[in-house]
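The block underneath contains the structure these notes are about, expressed in structure tokens.
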Amino acid sequence: MIQAEFVISAVSTSDFPREGIPEIVFAGRSNVGKSSLINRLAGNAKLARTSSTPGKTQSINFFRINDAFFFVDLPGFGYAKAGKFAIQQWKKLIENYFENRPAIVLVIQLVDSRMSPTSLDLRLSEWLAKLKIPRMIVATKSDKLSNNQRGAAMRSISGLLKTQSVVMSSAETGTGCKEIWKRVLLAAAAMESTRE
Ligand SMILES: Nc1nc2c(ncn2[C@@H]2O[C@H](COP(=O)(O)OP(=O)(O)O)[C@@H](O)[C@H]2O)c(=O)[nH]1
Ligand SMILES: [Mg+2]
């Protein structure tokens, strides 16, 4: 059984928790399936709010997992109807978060397995590469693809995002969750060991 609890919905830097435990961040476009994947990994369908209307989450949500680390649900980007002001606010919050959190041990970047990564996905990927934060690319909603389509999607995504490893996931079937958990635990353990 995984113990998962909502901690805070942060709208500014002062809201960020101060525990200093490892943080595993879920980043990606609005509607890509961040909240659904967090729920699936935590084994609790009601933990993070999911929505079929994109652009709902405008805050950074922290969930404490097994009293050992945080899952961090970032507000999605690329929401077509978001105004300029909202986009600026979003950028400021995200940049503040990434640049001031030494406890970030892993960023799980989500892309939709059914489409080619967008220019926003590419920009996020390049920005994260510059920050030198360990990263894992997860292609969501793979339950919607056939086996052949999955292979083609993996090749196209890994080519565009310049990474060898892309994990296919599904919040519906649980595909990929084992592999994601493995990586999460490794990342969290790596931080623990550098502190000793
Ligand atoms: N078929 C399928 N639908 C998914 C999956 N993950 C998310 N969804 C759906 O996609 C929509 C957006 O999901 P959500 O988790 O709220 O995305 P977020 O905005 O990135 O947090 C919802 O309607 C979900 O039910 C998946 O793995 N498979
Ligand atoms: Mg969400």
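Quick one: would you say VAL72 is within 15 Å of ligand 1 (Cβ to nearest atom) and assigned to a strand (DSSP E or B)?
On the way: within 15 Å of ligand 1 (Cβ to nearest atom): yes; assigned to a strand (DSSP E or B): yes.
Here the answer is yes, as VAL72 does meet what is asked.
Taking only pairs six or more apart or across chains, which ones have beta-carbon atoms under 8 Å, a first residue in the stretch 132-153 that is open to solvent by less than 50 Å² (accessible area, probe 1.4 Å), and a second residue that is at pLDDT 95 or above and acidic (Asp, Glu)?
Listed by first residue and then by second, the contacts come to ALA139/ASP112; THR140/ASP112.
Of all residues in the stretch 95-131 being outside any loop (DSSP other than H, G, I, E, B) and among the basic types (Lys, Arg), which is surrounded by the most Cβ atoms within 10 Å (Cβ to Cβ)?
ARG123
Pull up the stretch 154-180, narrow it to residues that are among the hydrophobic types (A, V, I, L, M, F, W, C) and away from ligand 1 (no atom under 16 Å from the Cβ), then point me to the one that is least open to solvent (accessible area, probe 1.4 Å).
The initial filter retains those residues of the stretch 154-180 that are among the hydrophobic types (A, V, I, L, M, F, W, C), namely 154, 157, 160-161, 166-168, 171, 177, 180.
Those still in the list that are away from ligand 1 (no atom under 16 Å from the Cβ) too: 160-161.
Numbers: LEU160: 70, LEU161: 6 Å².
Here the answer is LEU161.
Among the residues of the stretch 155-186, how many are touching a residue at least 40 places away in the same chain (Cβ under 8 Å), under 15 Å from GLN109 (Cα atoms) and in a helix (DSSP H, G or I)?
Residues in the stretch 155-186 being touching a residue at least 40 places away in the same chain (Cβ under 8 Å), under 15 Å from GLN109 (Cα atoms) and in a helix (DSSP H, G or I): 7 in total.
To keep it simple, each residue is scored yes or no on (1) touching a strand residue (DSSP E or B) at 6+ places or on another chain (Cβ under 8 Å); (2) away from ligand 2 (no atom under 16 Å from the Cβ).
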position	(1), (2)
VAL25	yes, no
ARG29	yes, no
ARG64	yes, yes
VAL72	yes, no
GLY76	yes, no
TRP90	yes, no
GLU95	no, yes
MET115	no, yes
LEU122	no, yes
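Can you tell me which residue within the stretch 29-48, out of those that are of a type outside the set (S, T, N, Q) and over 14 Å from the mean Cα position of the chain (by Cα), is modelled with the highest pLDDT? Give the steps one after another, and end with the answer.
Initial filter on the stretch 29-48 (of a type outside the set (S, T, N, Q)): 29, 32-34, 37-38, 40-43, 45-48.
Now drop any that are not over 14 Å from the mean Cα position of the chain (by Cα), which leaves 43, 45-47.
On the way: GLY43: 95, ALA45: 88, LYS46: 90, LEU47: 92.
Result: GLY43.
Being open to solvent by 50 Å² or more (accessible area, probe 1.4 Å) and small (Gly, Ala, Ser) is the filter here; which residues of the stretch 10-35 pass it? Give the derivation first.
Here is the first cut: in the stretch 10-35, the residues open to solvent by 50 Å² or more (accessible area, probe 1.4 Å) are 11, 13-14, 18-19, 31.
SER14 - this is the single residue of the stretch 10-35 that is open to solvent by 50 Å² or more (accessible area, probe 1.4 Å) and small (Gly, Ala, Ser).
Only residues that are near ligand 1 (Cβ under 6 Å from one of its atoms) and among the polar types (S, T, N, Q): list them for the stretch 24-39, please.
Of everything in the stretch 24-39, those that are near ligand 1 (Cβ under 6 Å from one of its atoms) and among the polar types (S, T, N, Q) turn out to be SER30, ASN31, SER35, SER36.
The values are calculated or read from the model by the stated rules, or taken from the named source; none is laboratory data. The structure presented is a predicted model; accordingly, all values stated were derived computationally and were not measured. We place every Cβ from the backbone using ideal geometry, glycine too, and count neighbours over all the protein chains shown. We work out accessible area using only protein heavy atoms, side chains counted, and drop any ligands, DNA or RNA first. Shrake-Rupley method; radii C 1.70, N 1.55, O 1.52, S 1.80 Å.
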